[in-house]
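This report refers to the structure that appears directly beneath it.
Computed from the coordinates by the stated procedures, all read-outs in this text should not be read as laboratory data. In this text, all values refer to a predicted model and were calculated from it rather than measured experimentally. For neighbour counting, all protein chains shown are included, and Cβ atoms are generated from backbone atoms with ideal geometry for every residue, glycine included.
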Amino acid sequence: MNTTVYQYGVFETHLAQCGVENPEARIRVAFTAPDGSCQVQPAFWDGGVTWRVRFSPAQEGEWRWRSYCQDGPVAGFTPDTGEFTCTAYHGENPLYRHGSLQLSADRRHLVHRDGTPFFWLADTAWNGVIRGDDAKWEEYLALRAQQGFSVIQYVSGSWRGDALDELGEASYIGQDPIQINAAYFQRIDRRAAMINAFGLLAAPVVLWSLLPTDPGYLLSEADATRLAEYIIARYGAYQLVWLLGGDGNYQEIGVERWKRIGRHLFDERHDRLVALHPCGQNWVGEEFRGEPWYDIIGYQSGHGDLLEHIEWLVKGPPAVEWQQEPALPVINMEPNYENAVGYHHHTLYDDFHVRRAVYWSLLVSPTAGVTYGHDAIWNWNAETGPSEGHGNWHNGAVPPWHTGLQTEGIRSMSVMRDLMERLDWTQLAPCPEVLAQQPGDDNIQCFIAAAKTPEGRMVVYAPCGGTVTFTVDTTIPQPVNVVDPRSGEVHPAQVKQGVISLPDQRDWLAVCGYPI
């Protein structure tokens, strides 16, 4: 029977003739497109003698496929063949309407295959896929899509926060070599697929890497590569960006090791963008910028509440190193979590701290997107309790997941996303030189971030209100509006002798040259 799949969707089939019980076998499937070109996709072992393949077609028309074993004859394996039809997608899901992601022409932000810009607004639901309960996960995804989020970051295998799934099993057992637990992945398959179903891009961490007990740190290079190969084979047909490592200090583990792993995984098949998620205050852009598989400079400004942590964000690598070549998008993939507690002064991060970190991140580097996080969501606790693997985080009393569904911080993110979509955000780049006065020089917490387009339109974020003073040679385009980042309300403003007066000492946006 000829199956029909829509463009950029997922074709899946069981390889009926593959009676191979060895999960180490390298079973491949060659897909021949309507134009005669060929793409090879690894199949994945699904327990016993069951093998499956998933593939995302980009061309409309008739496709043919055949399976083979890359290592030559293997007992129990017989080549299999089949075909399917790819049809145009006519629904509203942006991932299928516009296609998979790639870098923009200037390599500063992300676009769909058809050129439509993609604004990265992610939520860190690290434990969400692992914890279980499809109904709750569906509720969460539906709400995040309504709130303007576009990406869900999650952990796809065992990690420090939730080493076991709801049945008490890990994603692999043993070492040298590891044994993949197919049942673990079968249980998370549906929840992983649901992310795309709600129009949200998936951003799975392949190898969490912070602690010596995490797979990206603990496992030998061969075992880490094997686990990563399996996850990529199983989920690579979905619309996603790979976070190859999670929370890692890659310099400590070994930059060359990670380069080798990345090259092995993506040299032949690089049809999805790839990033690394580093640990807090750790910039890895210059170590990996030249790697052909490394597409996005992700960083984590993190949860420290010392003044030096703020300075790292607004005056450190994110604000400076983006100018290096080759150009790549720069995205803060983990700023202050709402309702989390700062590491040093125990600051309880509220919606203001979230907004401040987010707007700084968007404006000190060319705008590409940013990630939000809530202390209850990333843990995905069913009830108030500790966070596994995180010591006394939140005094051992992390609130249940549902308390992070609708908050003031999330409202601020919805306002931000709506505002950005009304601006030509793809053209915004930092312009600190337009400011005659920088309050951040005296008090880093009051640092004003400014960005402008080549045509001179500007967006300025002032976390402490007051005034924004421009240099005498700066042309301030009209109209000038002050935007409340809490509500999105727009207030016309006047410029007097190069100064915009903000309504009070709270955080505000000055938007110049946009008829919003």
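Assorted remarks:
- Distant-in-sequence amide H partners of VAL40 (H built 1.01 Å from N, under 5 Å): PHE31
- DSSP bridge analysis restricted to the chain gives an antiparallel fraction near 65%, rounded to the nearest 5.
- Derived scalar couplings ³J(HN,Hα) [the range 128-139; Karplus, 6.51 cos²θ - 1.76 cosθ + 1.60; whole Hz; x for Gly, Pro]: x, 6, 6, 5, x, 6, 4, 5, 5, 5, 5, 4
- Pairs of Cα atoms nearer than 8 Å and 6+ residues apart set the relative contact order; for the chain it is 11 percent.
- Three-way shape label, the range 119-423, alpha-carbon gyration tensor, a/c 1.5: rounded
- The chain, helix-only ellipticity at 222 nm - DSSP H runs n ≥ 4, -39,500 (n - 2.57), divided by all residues, nearest 500: -6500 deg cm²/dmol
- Long-range HN-HN contacts of ASN249 with modeled amide H, under 5 Å: CYS279
- In sequence order, calculated HN-Hα J values of the range 440-446 (Karplus, 6.51, -1.76, 1.60; Hz; x Gly/Pro): x, 5, 9, 9, 4, 5, 9
- Projecting the Cα atoms of VAL151, PHE352, ALA16 onto the charge dipole of the chain, computed from C-beta unit charges around the Cα centre, puts ALA16 farthest toward the positive end.
- Nearest-ten-degree value, helix 182-197 long axis tilted from longest Cα axis of the chain: 50
- Averaged over residues, the count of other Cβ atoms within 10 Å places the peptides 371-384, 69-82 in the sequence 371-384, 69-82, highest first.
- Free-standing Cys, the chain [no other Cys Cβ under 4.7 Å]: CYS18, CYS38, CYS69, CYS86, CYS279, CYS431, CYS512
- The range 303-341-the range 350-370 distance, computed between alpha-carbon centres (Å): 9
- Computed from backbone phi, the HN-Hα couplings of the range 117-126 come to x, 10, 8, 7, 10, 9, 10, 8, 9, 3 Hz, rounded to whole numbers (Karplus: 6.51 cos²θ - 1.76 cosθ + 1.60, θ = phi - 60°; Gly and Pro given as x).
- Global geometry of the chain, whether rounded, prolate or oblate, following the gyration tensor of its Cα atoms and the 1.5 cut on a/c: prolate
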